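Right, one structure below, let's go through it.
The values are calculated or read from the model by the stated rules, or taken from the named source; none is laboratory data. Just so it is clear, the model here is predicted, and its values are computed rather than measured. Virtual Cβ from ideal backbone geometry, glycine too; neighbours counted across all protein chains shown. Surface accessibility is based on the protein's heavy atoms, side chains included, excluding ligands, DNA and RNA. Shrake-Rupley method; radii C 1.70, N 1.55, O 1.52, S 1.80 Å.
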Amino acid sequence: MTRREATRLIGATTAGLLLLRQLPDASCAQTRSESSTMLTRPIASSGEKLPVIGLGTWRTFDVDLTSDNRRQLGDVLSLFMKLGGRVIDTSPMYGRAEDVIGDLIATLGIREKFATANPSGGGLFLATKVWTRGQENGIREMERSMVRLRTKQIDLMQVHNLVDVHTHLATLRQWKEQGRIRYIGITHYEAGAFGEVEKLMRSEKLDFVQINYSIMEREAEERVLPLAQERGVAVIVNRPFGAGDLFDKVRSKPLPDWSAEFDCRSWAQFFLKWIVANPAVTCAIPATDKARHLEDNMQAGIGRLPDAKMRQRMVESVASL
């Protein structure tokens, strides 16, 4: 072998080794991909999986759609979809929220974009509520919700705050059989109603229950969450930040260093990861009208979650502030 041939061989070998060092190992690439994917939980009654972080609309979407509001909320919805969100929860009780959601979904082509991004299923999941008394009033209100949301089928219809609950549940069962809704649920936002919520969970066949639960409002752990697991009822969590009280409590306080052990980088993620680490929880629905807050919230459903021992440490840490 000549010196020139030897030089070419050495050069080729070195280049190959450098290339191999630059290429990611297949297992590492898979780990990175999995670590950037939103955690999902199954709906017990069907097996359909939902991302653990959704989007609430109370107050934040009750606005006039000025050009600025349209742009801001459109950015929120578009980013929500891009980051793997599906569940949007609203109610006729939330003023103009249903109209705003329906308008933006239609004008931005959100449903079509979801379908394109998820050709095998797992599109937008719309949840709303019935909040009135009387069967005919309930039917009219739910039909108005469909018009406002620009849809002929609601994924989840919930009896809001248990108002005339038995009357509406009878209608919801009929609508589910007819395919007008896919799932049935009940909601409340106060721990004082958990006794009635528990009775309904035992006596009625429900797909979902929506209740308040946070690191400062833990009453649901006593009976409602264990019962949901026992009865196969999916759980949506409202008031994950305690109506904002949690942020007042930690204002100007540094995030504990050990939060990095479960991939937590902000107080919002701290509070949300504590919630969705409970295996009884299907989805938490923090409300926001700001894209940067939405992105922060969505990161809570990605990466590691705290175990039971760490969750207790988190409770003690917040209680001590």
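Residues in the range 118-146 that are modelled with pLDDT of 90 or more, outside any helix (DSSP H, G or I) and open to solvent by less than 60 Å² (accessible area, probe 1.4 Å): 9 in all.
Here is a yes/no grid of residues against (1) of a type in the set (Gly, Ala, Ser); (2) open to solvent by 10 Å² or more (accessible area, probe 1.4 Å); (3) within 17 Å of the chain's Cα centre (by Cα):
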{"site": "GLN229", "(1), (2), (3)": "no, yes, no"}
{"site": "ASP257", "(1), (2), (3)": "no, yes, no"}
{"site": "GLU261", "(1), (2), (3)": "no, yes, no"}
{"site": "SER266", "(1), (2), (3)": "yes, yes, no"}
{"site": "MET310", "(1), (2), (3)": "no, yes, no"}
{"site": "MET314", "(1), (2), (3)": "no, no, no"}
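Total residues in the range 147-187 satisfying the condition of being on the phi < 0 side of the Ramachandran plot, in a helix (DSSP H, G or I) and of a type in the set (A, V, I, L, M): the figure is 5. When we screen SER45, SER67 for residues that are open to solvent by 50 Å² or more (accessible area, probe 1.4 Å) and at pLDDT 95 or above, the only hit is SER45.
Residues that are of a type in the set (S, T, N, Q) and either over 17 Å from the mean Cα position of the chain (by Cα) or open to solvent by less than 10 Å² (accessible area, probe 1.4 Å) (or both) within the range 72-117 comprise GLN72, THR90, SER91, THR107, THR116, listed in sequence order. Within the range 48-64, restricting attention to residues that are buried (at least 19 other Cβ atoms within 10 Å of the Cβ) and among the β-branched types (Val, Ile, Thr), the residue that is nearest to THR128 (Cα to Cα) is THR57. For the range 286-296, the count of residues that are open to solvent by 60 Å² or more (accessible area, probe 1.4 Å), free of Cβ contacts under 8 Å to residues at least 60 places away in the same chain and within 20 Å of THR37 (Cβ to Cβ) is zero. For the range 231-255, name all the residues that are out of contact with any helix residue (DSSP H, G or I) (no Cβ under 8 Å at 6 or more places or on another chain), at pLDDT 95 or above and surrounded by 15 or more Cβ atoms within 10 Å (Cβ to Cβ). The answer is ILE236, ASN238, ARG239.
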